[in-house]
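To keep things clear, I will list the structure first and then write my remarks on it.
Since every read-out is calculated from the coordinates, none of them should be taken as a lab result. Computed from a predicted structure; not experimentally measured. Please note: Cβ atoms are built from the backbone with ideal geometry, for glycine as well, and neighbour counts cover all protein chains shown.
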Amino acid sequence: MTTIRRFCCNDLLRFASVNFDHLTETFNMSFYMTYLARWPDYFHVAEAPGNRVMGYIMGKVEGQGESWHGHVTAVTVAPEYRRQQLAKKLMNLLEDISDKIDKGYFVDLFVRASNTPAIKMYEKLGYVIYRRVLRYYSGEEDGLDMRKALSRDVEKKSIVPLKRPITPDELECMNESVGIRWFNYLLTGSSAFLFCVYSLFFYIIFTLVFLMYDAL
Ligand SMILES: CC(C)(COP(=O)(O)OP(=O)(O)OC[C@H]1O[C@@H](n2cnc3c(N)ncnc32)[C@H](O)[C@@H]1OP(=O)(O)O)[C@@H](O)C(=O)NCCC(=O)NCCS
């Protein structure tokens, strides 16, 4: 009998065999611990009798406004337990939490463009390819950003595919809030633009200082 329960710290010492698969992303311990601490609802393990790890899913909830969404960071099932609807159950669980508890607009995930079995599974579960991210993975492989709209996205706006592929830099920009985007731009923007912004800034400061000095 399969038990699906919340992932706990001890499972980190027992799930290595599942991670041997080359298509399973493996992260460092602090990364897993951060997920466990911040998004425990999004981290589940499937166990066989004898406490053998069959597979797991980890994810998070993030974004702002209509970009508020659940994200699947990793889902994997050990080869001997595949095609038993286990990944489907784990995915359904995460989707339910994003939909009913966190009221997200959609669930998304990234998958290697060559990972046909996983893409087929996501399509079967109702995910569509939202955009292609060029050279997203190590080895310069493209990633597919796949999405499934949740009940809060009544008009299904979140899954209208982008018309062109994007680069990982653009992805980071799109994920940032407008404030952070501007702050980053002030640090790294084009020199002509920065020259104007900084000149204006110093002009205002000097004028204020001058006016205050004059008033005294
Ligand atoms: C992708 C993966 C998680 C699927 O796990 P699973 O437990 O075997 O999947 P399920 O049994 O829940 O499959 C549900 C449906 O997805 C589709 N599917 C799953 N594996 C498939 C495959 N190898 N080829 C074609 N379709 C597949 C099928 O439609 C399946 O339904 P069916 O068996 O009734 O036809 C598993 O193969 C795996 O761990 N792969 C390595 C890690 C990985 O690629 N993770 C995803 C990274 S983004």
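Numbers for the structure displayed
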quantity	calculated
Leading residue at positive end of dipole, the stretch 3-212 (Cβ point charges), from Ala16, Tyr42, Met91	Met91
Lys, Arg +1 and Asp, Glu -1 on Cβ, resulting dipole of the stretch 68-118 about Cα centre, debye, nearest 20	200
For the stretch 30-84, radius of gyration divided by Kirkwood radius, i.e. Rg to Rh on alpha-carbons	1.07
Within a Gaussian network of the chain (alpha carbon springs, distance under 10 Å), most fluctuating of Gly59, Gly70, Gly139	Gly139
Label-to-label distance, nm, for residues given as Val160 and Glu66 (7 Å Cα→Cβ offset)	0.8
Rounded to 5, the percent of DSSP beta bridges in the stretch 26-141 classed as antiparallel	80
Distance cut-off 18 Å, percentage of C-alpha pairs in the stretch 81-145 lying past it	44
Options Ala113, Leu125, Ile101, ranked by Cα towards positive dipole end of the stretch 94-178, top entry (Cβ charges)	Leu125
Lys, Arg +1 and Asp, Glu -1 on Cβ, resulting dipole of the chain about Cα centre, debye, nearest 20	780
Where only alpha carbons of the chain are counted, the Rg and the Dmax (Å)	22.4, 83
Label-point gap, in nm, between Glu172 and Leu194 - each point 7 angstrom along Cα→Cβ	1.5
Loop-located GluC sites (Glu not before Pro) in the stretch 77-171, at most 12 other Cβ atoms within 10 Å (DSSP)	Glu155
Out-of-range pairs (alpha-carbon distance over 18 Å; input Lys120/Lys157; Lys60/Lys157; Lys88/Lys120; Lys60/Lys103; Lys60/Lys148; Lys103/Lys148)	Lys120/Lys157; Lys60/Lys157
Normalised contact order of the chain, rounded percent, pairs of Cα under 8 Å and 6 or more residues apart	13
